[in-house]
Amino acid sequence: MINRVLIRIKVVQLLYSYLLVNNTFTIESQPSAPTKEKRFAYQLYLDTLLLMVRLANDITRRGAGCPLADTRFIKLLSNDERLKPLAMRYRNEYFPLEEAENELIDIIRDSALYKNFLKEEATERIWEDIFRVLIVNNPRYRAIASRYQNYTVNGFDRMIEMMTVTFSNFFSAQLNIPEAVKVLQKSLEQTRELYFRLLLLPVELVALRERELEERRNRYIVTDEDLNPNLRFVENSFVKKLADNEDIIDYVEKNHISWLGADEHMLKSLLRAIEQSDAYKQYMEAPTSDYASDCELWRTLFKKVIFVNPDFLEVMEEKSVFWNDDLDIIGTFLLKTIRKMQEDDSAPILEMYKDDEDARFAPELFTFTVRNREEYRAMIDNALNTSSWERDRLAYMDVIIMITAIAEIINYPKIPVTVSINEYIEIAKSYSTHKSGSFIHGILGNVVNHLREEGIINK
């Protein structure tokens with residue numbers, strides 16, 4: 001019932017709000033009005049950050065499958081605009097901490113910290129631990145630091161304070177991915193609720209109509225029509241199948257959902273709109289009816305009356321800001337369910353997911369995107385035509401859509417590239433600007449070409 005089209009939309013929706021409110025990690029800035037001591041502390045701070053990047057890359061190159069260079073902390077440092085030029089400079093100049101680097105490679109690889117990291121596929125705290133336990137206490141590192149211009153003990157302590165602030169900033173900017181995944185799953189479960197609410201709607205509309213007919217029979221002054229009403233609508237055999245369906249009954253009772261009560265005003269308005277529709281009049285006036293025509297009535301009512309009714313849509317929006325958007329897709333599945341029940345009255349209610357692979361798709365796609373968003377953003381920036389576009393001018397929603405598309409293209413080899421690109425172009429048409437579709441198509445095309453050239457994808 002929940003397909004990958006809807007999952008992609010849900011992931012993009014959550015990423016937009018979730019990333020927008022989270023802090024962005026940055027390293028410390030050059031101190032204002034720097035004293036000699038502050039200049040020393042800041043230079044050693046930058047060199048130490050660069051040292052960690054070099055250590056991660058060196059150890060990764062020497063150890064097959066070592067994930068140190070893939071940690072988010074190292075990826076963020078590698079893309080930092082203040083460290084990039086420093087790294088370039090040290091390609092042509094001697095790196096002051098190089099001797100310590102060579103020694104620390106072996107120390108880190110032999111450490112319990114590193115071995116536990118490999119066993120547990122541990123945590124981003126590995127770099128804070130390496131700094132505090134192995135780097136800052138390493139005699140060679142401290143000896144080299146003491147030879148820096150303007151060295152002081154207080155300056156060395158100031159560098160440690162700057163590193164402490166940096167790690168604190170990193171962890172505060174870290175997204176709580178498990179919590180975010182719970183929010184995503186809840187959103188998908190609410191979509192499942194929408195499906196069952198739509199299945200329940202004919203049952204409760206008929207129940208409301210039955211109650212109205214009973215009230216008319218018991219009026220002080222009654223007409224022949226009150227006493228002998230046309231019962232075809234309330235005796236609709238398809239609605240009786242829905243009312244007796246155990247899956248619907250179990251879901252409704254477990255989740256305590258109903259349109260009657262708080263939404264009864266809308267229900268009455270919708271019932272009046274149905275009674276005034278051509279589909280209802282033709283159905284009620286037909287010489288006979290059968291199960292197929294009973295099903296077809298509700299297919300038509302959903303398409304031509306319910307899904308376009310302003311009171312109904314308003315209540316949808318009140319219940320969930322996303323339900324009006326979800327209605328297109330879930331409405332399609334509802335109509336598909338009615339069609340299946342029309343062909344086979346014992347046809348089951350659609351499962352939440354087609355298979356386990358689809359069930360994993362949402363949390364996996366979200367996690368891939370969050371963890372690698374800086375890397376994917378760098379791919380987008382490299383694909384930009386800087387003569388026409390500036391990095392900071394990109395619409396934030398466009399960026400979210402593109403990094404999600406790149407996550408899918410890289411991590412799901414079975415999904416054709418054209419399918420992924422076309423799906424996210426469609427999302428852009430609905431959720432971003434009118435020009436976003438063609439722009440995203442061009443950028444993703446350039447990114448895909450680069451990924452193929454680099455051998456990252458081969459589809």
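The values are calculated or read from the model by the stated rules, or taken from the named source; none is laboratory data. This structure is a prediction, so every number in the text was calculated from the model and none was measured. Backbone-built Cβ (ideal geometry, glycine too); neighbour counts: all protein chains shown. Areas reflect the complete protein model, heavy atoms only, side chains present, ligands, DNA and RNA absent. Shrake-Rupley method; radii C 1.70, N 1.55, O 1.52, S 1.80 Å.
Please verify whether I338 is closer than 18 Å to L194 by Cβ, part of a helix (DSSP H, G or I) and under 24 Å from the mean Cα position of the chain (by Cα), treating the condition exactly as stated.
no
Can you tell me which residue in region 269-304 is surrounded by the most Cβ atoms within 10 Å (Cβ to Cβ), limited to those that are over 37 Å from the mean Cα position of the chain (by Cα), assigned to a helix (DSSP H, G or I) and acidic (D, E)?
Filtering first and then ranking leaves D294.
Can you give me the number of residues within region 305-323 that are in a helix (DSSP H, G or I), farther than 23 Å from Y353 by Cβ and either touching a strand residue (DSSP E or B) at 6+ places or on another chain (Cβ under 7 Å) or open to solvent by 10 Å² or more (accessible area, probe 1.4 Å) (or both)?
Residues flagged as in a helix (DSSP H, G or I), farther than 23 Å from Y353 by Cβ and either touching a strand residue (DSSP E or B) at 6+ places or on another chain (Cβ under 7 Å) or open to solvent by 10 Å² or more (accessible area, probe 1.4 Å) (or both) within region 305-323 amount to 9.
Among the residues of region 297-313, is any over 28 Å from A262 (Cα atoms) and at pLDDT 95 or above? First the steps, then the outcome.
Restricting attention to region 297-313, the residues satisfying the condition of being over 28 Å from A262 (Cα atoms) are none.
No, there is no match, as no residue in region 297-313 is over 28 Å from A262 (Cα atoms) and at pLDDT 95 or above.
Is at least one residue of region 245-256 within 26 Å of D325 (Cα to Cα) and in contact with an Asp or Glu (Cβ under 9 Å, 6 or more places away or on another chain)?
Within region 245-256 (the criterion being within 26 Å of D325 (Cα to Cα) and in contact with an Asp or Glu (Cβ under 9 Å, 6 or more places away or on another chain)), the answer is yes, since at least one residue qualifies.
What are the pairs with Cβ atoms under 9 angstrom where one residue, in region 282-299, is polar (S, T, N, Q) and the other, located anywhere, is at pLDDT below 95 and surrounded by 13 or more Cβ atoms within 10 Å (Cβ to Cβ)? Sequence gap at least six, or different chains.
Note: no pairs meet the criteria.
If you take the residues in region 246-268 that are part of a helix (DSSP H, G or I) and in contact (Cβ under 8 Å) with a residue 60 or more places away in the chain, which one is nearest to L199 (Cα to Cα)?
I248
Quick grid of which residues meet (1) in a helix (DSSP H, G or I); (2) touching a residue at least 24 places away in the same chain (Cβ under 8 Å); (3) more than 28 Å from V321 (Cβ to Cβ):
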residue	(1), (2), (3)
V133	yes, no, yes
Q149	no, yes, yes
G155	yes, yes, yes
R158	yes, yes, yes
T166	yes, yes, yes
A180	yes, yes, no
V183	yes, yes, no
K186	yes, no, no
R219	no, no, yes
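Sort out for me the helices (runs of 4 or more DSSP H) sitting completely within region 1-111 that have 3 or more residues that are on the phi < 0 side of the Ramachandran plot and out of contact with any helix residue (DSSP H, G or I) (no Cβ under 7 Å at 6 or more places or on another chain).
Values: elements: 4-21, 36-62, 72-78, 83-92, 98-109.
Qualifying helices (runs of 4 or more DSSP H): 4-21, 36-62, 83-92, 98-109.
Might you check whether a residue that is among the β-branched types (V, I, T), farther than 30 Å from R192 by Cβ and assigned to a helix (DSSP H, G or I) occurs anywhere in region 356-376?
Taking every residue of region 356-376 in turn, none turns out to be among the β-branched types (V, I, T), farther than 30 Å from R192 by Cβ and assigned to a helix (DSSP H, G or I).
On the given criteria, is Y376 exposed (fewer than 13 other Cβ atoms within 10 Å of the Cβ), among the aromatic types (F, W, Y) and closer than 16 Å to Y16 by Cβ?
no
Please count how many residues of region 101-113 are without any contact (Cβ under 8 Å) to a residue 24 or more places away in the chain and open to solvent by less than 60 Å² (accessible area, probe 1.4 Å).
2
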